[in-house]
Amino acid sequence: MKVLLFGMIAEKAGATEVDITAVSTHALKGELEQRIPGLDRMSYALAVDRRIVKEDAPLTGQEEIALLPPFAGG
Amino acid sequence: MSGEKTHKQRDIFVEGAIPASFIAESIAKHASRTDIGGHEIFLGQVRADQQPGTNNHQRTVAIDYTAYRDMANEQMTFIREEAFARWPQMTCLHVHHSQGIIKAGELCFMVFASAPHRQQAREAVAFVTDEVKKRLPIFGKEIFAEGGHVWKTNDLRDAGSSPA
């Protein structure tokens, strides 16, 4: 599945999206933290279909996933 | 009452700074709505912060704003619905946020509410401004005069007293 990256996370990864296969949000975070250097020490939220998901949730691969660093609007 | 209250999703993002003339035109457009008794406007301006943690207290000359646009616009629709539920007499609410590089001193954010009486417009603008800062996935890269950058993070511990 395609994972959208933003802000300082996109900068760390050197990309605005990555392709990853995972069966749950928990597994996805593990994969992403392996792939993106320093992500495990960063503050970020995971959005599934444009909603922030905090608990572990199953993924079918059809979702729109995004990794969101701290917000800075305004 | 008007199309304003149907809450269809809109795109709040504008490329570059918000010109002062755009705000004047926004005000002028409301002249035909004679049921309005007051407008309240919040304008966010890019501040030339000194970064205490950096060499020579580097100074911000611009912020490069990016956003997860689909989610931000969807969240804005929810915030708009909440605002109209809390202040049902509000006549209209307009929100715009910049994308791209905005120089210090330029405007990057506008919240504009109108209502028959001032209290509803005032309270709605305060609420919407804080919720946008909390809930919209907008990211800001503060660019230094001397080169380099830092990622801006909104301080949400006390939205009432946080820096704009």
Unmet requirement for B:PHE13, which otherwise passes all of (1) under 20 Å from B:VAL132 (Cβ atoms); (2) surrounded by fewer than 15 Cβ atoms within 10 Å (Cβ to Cβ): (2)
Per-region count, the stretch A:1-25, residues assigned to a helix (DSSP H, G or I) and over 14 Å from A:GLY61 (Cα atoms): 7
Candidate set: the stretch A:16-29, residues that are surrounded by 13 or more Cβ atoms within 10 Å (Cβ to Cβ) and away from chain B (no Cβ under 14 Å); chosen: the one farthest from A:GLU55 (Cα to Cα): A:VAL18
Breaking point among (1) in contact (Cβ under 8 Å) with a residue 40 or more places away in the chain; (2) surrounded by 16 or more Cβ atoms within 10 Å (Cβ to Cβ), for A:ILE36: (1)
Conditions (1) of a type in the set (A, V, I, L, M); (2) farther than 30 Å from B:VAL128 by Cβ; (3) modelled with pLDDT of 95 or more: number failed by A:ILE9: (2)
Those residues of the stretch A:39-74 which are assigned to a loop (DSSP other than H, G, I, E, B), within 14 Å of chain B (Cβ to nearest Cβ) and on the phi < 0 side of the Ramachandran plot, in sequence order: A:MET42, A:SER43, A:TYR44, A:GLU63, A:GLU64, A:PRO69, A:PRO70, A:PHE71, A:ALA72, A:GLY73
Among residues of the stretch B:71-101, those that are part of a helix (DSSP H, G or I), away from every other protein chain (no Cβ under 11 Å) and small (Gly, Ala, Ser), counted: 2
Leading residue by the ranking (farthest from the other protein chains (Cβ to nearest Cβ)) among those in the stretch B:127-156 that are small (Gly, Ala, Ser) and in contact (Cβ under 8 Å) with a residue 12 or more places away in the chain: B:ALA145
Residues of the stretch B:72-86 classified as crowded, with 20+ Cβ neighbours inside 10 Å and either over 14 Å from B:PRO137 (Cα atoms) or over 16 Å from the mean Cα position of the chain (by Cα) (or both), total: 2
Matching residues in the stretch B:44-75 - criterion: being in contact with a helix residue (DSSP H, G or I) (Cβ under 7 Å, 6 or more places away or on another chain) and touching a residue at least 40 places away in the same chain (Cβ under 8 Å): B:GLN51, B:THR66, B:GLN75
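The values are calculated or read from the model by the stated rules, or taken from the named source; none is laboratory data. On a predicted model such as this, the values are computed, not experimentally measured, just so you know. Virtual Cβ from ideal backbone geometry, glycine too; neighbours counted across all protein chains shown.
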